[in-house]
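To keep things clear, I will list the structure first and then write my remarks on it.
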Amino acid sequence: MNKLSALMLLFLTSCSVAAYSGRITPLPPGLTLQEVEQRHHLIYRGSNAQKLDKTKGTCNGFVVSETMIYTAEHCVKKLHPFLEDGRPLEKLVSLHEQDIAILGTDTIETAVREAPVYTGKLDIGDEVYIVVQTSQENKRELLRDFPKQVRQISPELLEVKGEILAYHPKTTSFDSSCNKIPAVDLFFIDAPGRLGFSGSPVFVKRDGEYYLFGLGRSVRIPGHSFCNGIVAQDNVITFSVIPNPPYTELVRVDEQKKDKNARN
């Protein structure tokens, strides 16, 4: 092989490696705003679904498939979650360190595809979007006081835009009883936080489409609360990252249920 041929081969090889290493896997189709609205539900908590009191014990929830809904684990821990029509939600999987509960029933929404989960990396300064249904009083306050960050996307839902302030792969939080709990994959975002954000879906927007990235878990910085006397920051929301892949454990549980039903 002469010198020119060797140089050409080296050039072609390096181009091939560069093209391969720089290849970006395209994102699947994201959710439209209409799909986001359709998949958003309130989660009610109590022992009697027939006596529904909309003023008590509500959290946000988001449908990820026909039979699955995600919410915050602290919303349903030791409680009996159900939908507005009274259907009970079975607690299938709990990812405690991320404060995520995966709930299910026979059918939550028909003809929906699995919600696409954003698997890319986010950095400080990137923006995310929270979709939340909160009390009428808080809704009016948020729209009035934070016009650059909050917009109304339906009669019930708000979209809150926030910039990422910090990311902690491991930290310590407190539950409502001031018990320390570990937390992993936790983001802090600069957004007007209010009570009722728990379980709200957090999205990354790409080309106007929505990709599920996390679930709202708190409107306080972990560790900054009445538990230790440090003044809380109202305009910081924390959220847990959706694990990737998110559906593996649930599919396994569902298959066990199907096998059991088949045997019976």
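The values are calculated or read from the model by the stated rules, or taken from the named source; none is laboratory data. As the structure is a computational prediction, the values presented were derived from the model and not from experiment. So basically every Cβ, Gly included, is an ideal-geometry build from the backbone, and we count neighbours across all protein chains shown. Side chains included, ligands, DNA and RNA excluded: accessible areas come from the protein's heavy atoms. Shrake-Rupley method; radii C 1.70, N 1.55, O 1.52, S 1.80 Å.
Let's see how each residue does on (1) assigned to a loop (DSSP other than H, G, I, E, B); (2) open to solvent by 30 Å² or more (accessible area, probe 1.4 Å); (3) modelled with pLDDT under 90:
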| residue | (1), (2), (3) |
| --- | --- |
| Q34 | no, yes, no |
| I43 | no, no, no |
| K51 | yes, yes, yes |
| T71 | no, no, no |
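Only one entry in D106, D85 is of a type outside the set (A, V, I, L, M, F, W, C), in contact with a Ser or Thr (Cβ under 8 Å, 6 or more places away or on another chain), surrounded by fewer than 20 Cβ atoms within 10 Å (Cβ to Cβ) and over 30 Å from N179 (Cα atoms), namely D106.
Can you tell which of L157, L92, L79, L142 is over 24 Å from G30 (Cβ atoms) and at pLDDT 90 or above? Even if it seems obvious, please write down each step before you answer.
On the way: L157 fails: over 24 Å from G30 (Cβ atoms); L92 fails: at pLDDT 90 or above; L79 fails: at pLDDT 90 or above.
Within the list L157, L92, L79, L142, the selection yields L142.
Consider L79 carefully, then state whether it is closer than 16 Å to T238 by Cβ and surrounded by fewer than 22 Cβ atoms within 10 Å (Cβ to Cβ). No.
Would you check which residues across the stretch 141-164 are of a type outside the set (D, E), open to solvent by 80 Å² or more (accessible area, probe 1.4 Å) and more than 22 Å from H41 (Cβ to Cβ) and list them? Talk me through it step by step, then tell me what you get.
Here is the first cut: in the stretch 141-164, the residues of a type outside the set (D, E) are 142-144, 146-155, 157-158, 160-162, 164.
Narrowing the set further to residues that are open to solvent by 80 Å² or more (accessible area, probe 1.4 Å) leaves 144, 147-148, 151-152, 155.
Within the stretch 141-164, R144, P147, K148 meet the criteria.
Quick one: would you say K205 is open to solvent by 30 Å² or more (accessible area, probe 1.4 Å) and at pLDDT 90 or above? Yes, satisfied.
Select from the stretch 165-198 the residues that are of a type in the set (A, V, I, L, M), open to solvent by less than 50 Å² (accessible area, probe 1.4 Å) and assigned to a loop (DSSP other than H, G, I, E, B) and list them in ascending order. Once the filter is applied, which keeps residues that are of a type in the set (A, V, I, L, M), open to solvent by less than 50 Å² (accessible area, probe 1.4 Å) and assigned to a loop (DSSP other than H, G, I, E, B), the stretch 165-198 yields only A191. The residues of the stretch 110-146 that are among the acidic types (D, E), within 16 Å of L212 (Cα to Cα) and outside any loop (DSSP other than H, G, I, E, B) amount to a single one, E127.
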